[in-house]
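Okay, so here's the structure we're looking at.
All of the numbers you see were taken from the coordinates with simple rules; none came from a lab. In this text the structure is predicted, and so the values were computed from the model without any measurement. All Cβ positions, glycine included, derive from the backbone under ideal geometry; neighbour counts span all protein chains shown.
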Amino acid sequence: MAIHKKGGGVADGTDNIFWTTMSDLMLGLCIVFMTLFILAMTGFTQQTIKAQQQQAETAKKLTEKLKIEKIDAEVDIFGNVKISDVELFEVGSYTLSAKGKNFLNKFAPIYIDTIFGNEATLQSIDNIIVQGHTDSQMFRGAKTQNEQFSKNMFLSLQRAYAVQDYMLLHTQYNKRYNKKLRKLLIVEGRSYADPVLDANGNEDLAKSRRVELKLKVKGASLTQMLGFDFGGHN
């Protein structure tokens, strides 16, 4: 039905009250959404900072305990650990050496018990990623860069799996953490995609060959911050 002006006649599109009202409504919705978005992002940032603070506290405790036991592992300020392949494997192999098994026998209980022993720290963690890395030296028999990368991907993945497998099945950590540990563990291979560089920006071959244990912190989604629930929770 047409909408009439007070003076009579049919209103054209520019004077249509419906469109004027809809424009005001859309503008209002945009303002509301932007306000909620800013609040959500602010909340997300605060949550992320809190999670990183928990990581830093965990890193400090872990570093102190490893130092006391004289375990050679590099821990950054967020609790991520780098273990040289020299400590774990023979050259070119993904089978744990006797030295590697002894290392994990000492390392794993300290690492797992430190992380899982603090509920606040545990609540901030989304995943524990066991990640294998190689250097970029040519594999014997590799004819192309893609083949080289693929062979190193297999090696890096198998090394990460070997570490995860031995830690989970053979080390003497507190077994009451088993269920949570199984839920959080992820195994990844990175080939030589993330090399360690020296002071001159060149690849440090020895340091590039490593296994890392990385803590991925939780981050609230926008829908969670706005209080929406689409039925995806168990």
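Antiparallel DSSP bridges in the range 54-217: what percent, to the nearest 5?
Restricted to the range 54-217, the bridges split so that about 75 percent are antiparallel.
On a full-extension model of 0.36 nm per residue, what is the gain between Lys70 and Glu147, subtracting their alpha-carbon distance, rounded to one decimal in nm? Let's see the in-between values first.
On the way: separation 77, 0.36 × 77 = 27.72 nm, distance 3.90 nm.
Fully extending the segment from Lys70 to Glu147 adds 23.8 nm.
Which of Leu185, Leu62 comes first, and how do the rest follow, when ranked by fewest Cβ neighbours within 10 Å?
Leu185, Leu62
With charges set only on the Cβ (+1 for Lys and Arg, -1 for Asp and Glu), what does the dipole of the range 104-182 come to about its Cα centre, in debye to the nearest 20? Don't jump to the answer; show the numbers that get you there.
Numbers: 10 positive and 6 negative charges, 51 e Å.
For the range 104-182, the charge dipole is close to 240 debye.
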Legend entry - Under 22 Å from Lys179, Cα to Cα: lysines that are on another chain or at least 8 residues apart: Lys106, Lys214, Lys216, Lys218
Inset, instruction - Enumerate the aspartates and glutamates that Lys175 could reach by cross-link, defined here as Cα to Cα under 13 Å, with residues fewer than 8 away along the same chain left out. - result: Asp113
Legend entry - Ordering of 190-198, 77-85 by packing [mean C-beta count within 10 Å, highest first]: 77-85, 190-198
Legend entry - For Asn127, distant residues with modelled amide H under 5 Å away: Lys216
Inset, instruction - Under 20 Å from a label point 7 Å along Cα→Cβ of Leu197: give me every residue in the range 124-150 with its amide N that close. - result: 133-137
Legend entry - Global form of the range 55-168, assessed from the alpha-carbon gyration tensor, a/c cut-off 1.5: prolate
